[in-house]
1. Could you work out the helix-only [θ] at 222 nm for the chain, with each DSSP H run of four or more residues adding -39,500 (n - 2.57) and the total divided by the number of residues, to the nearest 500 deg cm²/dmol?
2. Post the alpha-carbon centroid distance, segment 67-109 to segment 5-40, in whole angstrom.
3. Taking the Cα centre of the chain as the origin, how large is its charge dipole in debye, to the nearest 20, when only Lys and Arg (+1) and Asp and Glu (-1) carry charge on their Cβ atoms?
4. By how many nm would the segment from ARG4 to ASP168 lengthen if fully extended, with 0.36 nm per residue of separation less the alpha-carbon distance?
5. Please express the Cα-Cα pair-distance distribution P(r) of the chain as a list of whole percents, one per 10 Å bin, running from 0 to the bin with the greatest distance.
6. How high is the relative contact order of the chain, in percent, with contacts defined as C-alpha pairs under 8 Å that are six or more residues apart?
7. Given labels modelled 7 Å from the Cα in the Cβ direction, how far is it in nm from VAL57 to PHE201?
Amino acid sequence: MLPRFTLTVPQTGRMDPDAAFCASSRAVWLEIGFGGGEHLAFQAECHPEISLIGCEVFRPGIARLLAQIESRHLDNIRIFADDARLMIAALPPSSIDRVFVLFPDPWPKRRHEKRRLMSRETLDTLAAIMTEGAELRFATDDGNYLSWMLARITEHPCFEWLVEGPCDWRTRPKGWPRTRYEEKARAACRTPVFLRFRRRFRKRGQALATPVCPSYLLIVL
């Protein structure tokens with residue numbers, strides 16, 4: 001089944017999501033590191049009108065997702081089995097309407113922090129490919145990575161944190177299914193955190209103001 005659902009970066013270096021799904025004018029969602037694929041399959045089944053791209057290099061996880069695609073008769077998923085940064089670089093500007101980064105590897109040792117996916121550079125490239133008002137969803141059970149992520153994204157002029165109170169990060173929102181990584185975290189007595197950010201609207205001829213860090217950030221940290 002894999003060749004049917006696989007995406008590759010064209011020699012031109014530019015990906016056309018409409019051509020990949022043989023559908024035009026459809027919203028496209030991107031999940032970076034889909035693990036076992038249960039979240040991606042859930043979103044595809046609940047939103048048949050959405051085209052979903054999943055990036056994952058873990059072969060057993062890809063196999064699990066293919067099994068769900070077959071059992072649920074899903075045709076709106078495409079798989080990129082390589083470094084997600086290659087896909088991000090190939091996507092056109094303003095082409096992605098939602099991004100999921102759920103429980104990425106926290107690289108907990110200080111000397112490995114540079115390997116963390118959610119760097120300023122990644123946020124810059126995500127901001128370029130996301131549409132105005134698009135949502136970025138992030139989850140982690142690692143407190144150090146949480147601090148790292150919040151410190152960078154609250155400084156970023158293209159994103160705003162969708163938060164009004166503690167429940168907004170302590171509770172998994174509706175339409176966000178439980179995954180095996182969340183279950184493993186809870187089994188190990190680690191508390192998962194669920195964050196939602198919005199891609200700010202672009203202002204022609206005017207630089208975006210640096211957002212004010214919410215007071216809730218101090219509570220989280």
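Coordinate-derived values only; no laboratory data. Keep in mind that what you see is a predicted model, and the values were worked out from it rather than measured. Methodologically, a virtual Cβ is constructed for each residue, glycine included, from the backbone with ideal geometry; neighbour enumeration extends over all protein chains shown.
1. Numbers: 10 runs with 77 residues, N = 221.
Helix-only estimate at 222 nm: -9000 deg cm²/dmol.
2. 7 Å
3. Taking the Cα centre of the chain as origin, the dipole is about 520 debye.
4. On the way: separation 164, 0.36 × 164 = 59.04 nm, distance 3.84 nm.
This chain segment gains 55.2 nm when fully extended.
5. 8, 33, 38, 18, 3, 0
6. Numbers: 364 pairs, mean separation 42.3, N = 221.
Dividing the mean separation by the residue count of the chain yields 19 percent.
7. My value for the distance between the label points is 3.9 nm.
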